[in-house]
1. Quick check: is even one residue across segment 118-132 closer than 27 Å to G34 by Cα, in a loop (DSSP other than H, G, I, E, B) and not assigned by TED's automatic domain parsing to the domain that holds Q30?
2. One residue is enough: does segment 172-180 have a residue meeting the conditions at pLDDT below 95, more than 17 Å from the chain's Cα centre (by Cα) and small (G, A, S)?
3. Go through (1) surrounded by 21 or more Cβ atoms within 10 Å (Cβ to Cβ); (2) within 18 Å of A281 (Cα to Cα); (3) charged (D, E, K, R) for E154 and report which single condition fails.
4. Go through the residues of segment 114-131 one by one and say whether even a single one is acidic (D, E) and in contact with a strand residue (DSSP E or B) (Cβ under 7 Å, 6 or more places away or on another chain).
5. Just one of (1) crowded, with 19+ Cβ neighbours inside 10 Å; (2) at pLDDT below 95; (3) of a type outside the set (S, T, N, Q) trips up E210, so point out which.
6. Return the residue satisfying two criteria in turn: it lies in segment 222-262 and is among the hydroxyl-bearing types (S, T, Y) and touching a residue at least 40 places away in the same chain (Cβ under 8 Å), and of such residues it is farthest from A208 (Cα to Cα).
7. Filtering segment 254-287 down to residues that are crowded, with 20+ Cβ neighbours inside 10 Å and polar (S, T, N, Q), which residue is modelled with the lowest pLDDT?
8. Kindly list the number of the only condition in (1) out of contact with any strand residue (DSSP E or B) (no Cβ under 7 Å at 6 or more places or on another chain); (2) at pLDDT below 95; (3) of a type outside the set (S, T, N, Q) that fails for D37.
Amino acid sequence: MRVGIDLGGTKIEAIAIDRDGREHFRRRVQAPRGNYDDTLRAIASLVGEADRATGEPARVGIGIPGSASPATGLIRNANSTWLNGRPLPVDLETTLCRPVRLENDANCFALSEAADGAGEGAAVVFGVIVGTGTGGGIVVNGRVLVGCNAIAGEWGHNPLPWPQSGEWPGPPCYCGRSGCIETFLCGPALSREFAARGGGTRSALEIAAEADGGDRRAIEVMDVYISRMARALASVINLLDPDVIVLGGGLSNIAALYDRVPAIWQRWTFSDVVATPLERARHGDASGVRGAAWLWRPEE
């Protein structure tokens, strides 16, 4: 049995699955925002519940919105800022009294979809999360590609490629730079674009729905967004050439992306043909927590 924990900014979710991927336990609690010690206690409580539900102490994998520095072991780049600078892997192993595997949440998402999701059977899977932020993860032959700096797949903090009029230098990003892909593709960015064109306050999904309904302003905004996503993903294809790209996160529910983005990304790819499929995550919102559990392979 293996337990996955998805440690988010607003919620913590736990799942227990067996080696065949069958679910035996699931629970979600509110994240104790801003409190590191309470976060440890909340995770320990969830793992204890999972152990009792399954009748055995499980292996534990955890996905977080950041990563552990290879140099110090301390958490960095987490938008759940109360985790940054903390020795979370060591503290979790001490609290849970067992080994723990910890990965970036986008890596967990990609691993879930590679294991038994939309990328099942593919040798190279690029997983994309587009929601309140923008993240990416790479899985090669069933294993997460982490990299020597533990930042493989962090496409959201590269600059938007082939910038068009008005896109450079781009909006400021929380990472301290400007023009990052995340500042153009996250949900709040789509809402800002709509508001800047006089459309008022709308969520990303509301804008997409209005575009589907024929609203001229929403159609214009979606055209711009689709161009930006196509350019950003074309740069991934040029560099990695994955067998499949899988979308997750709130904006992955925009149906138009799956036809319209691949229809134009060849304009920016270094190939006469682009056969790469763009797929919706099979496990939806559960992919992150399932991928955390799959940090322990079935044979382990």
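The values are calculated or read from the model by the stated rules, or taken from the named source; none is laboratory data. What you see is a predicted model, and the numbers here were worked out from it, not measured in a lab. Cβ: placed from backbone, ideal geometry, glycine included. Neighbour counts: every protein chain shown.
1. Yes, there is a match, as at least one residue in segment 118-132 is closer than 27 Å to G34 by Cα, in a loop (DSSP other than H, G, I, E, B) and not assigned by TED's automatic domain parsing to the domain that holds Q30.
2. Scanning segment 172-180 turns up at least one residue that is at pLDDT below 95, more than 17 Å from the chain's Cα centre (by Cα) and small (G, A, S).
3. (2)
4. Restricting attention to segment 114-131, the residues satisfying the condition of being acidic (D, E) are 116, 120.
Restricting the remaining residues to those that are in contact with a strand residue (DSSP E or B) (Cβ under 7 Å, 6 or more places away or on another chain) gives none.
No: segment 114-131 contains no residue that is acidic (D, E) and in contact with a strand residue (DSSP E or B) (Cβ under 7 Å, 6 or more places away or on another chain).
5. (2)
6. Going residue by residue through segment 222-262, those that are among the hydroxyl-bearing types (S, T, Y) are 225, 227, 235, 252, 258.
Narrowing further to those that are touching a residue at least 40 places away in the same chain (Cβ under 8 Å): 225, 227, 235, 252.
Details: Y225: 10, S227: 14, S235: 24, S252: 11 Å.
The residue in question is S235.
7. Once the filter is applied, the top-ranked residue is S287.
8. Here D37 meets the rest and fails (2).
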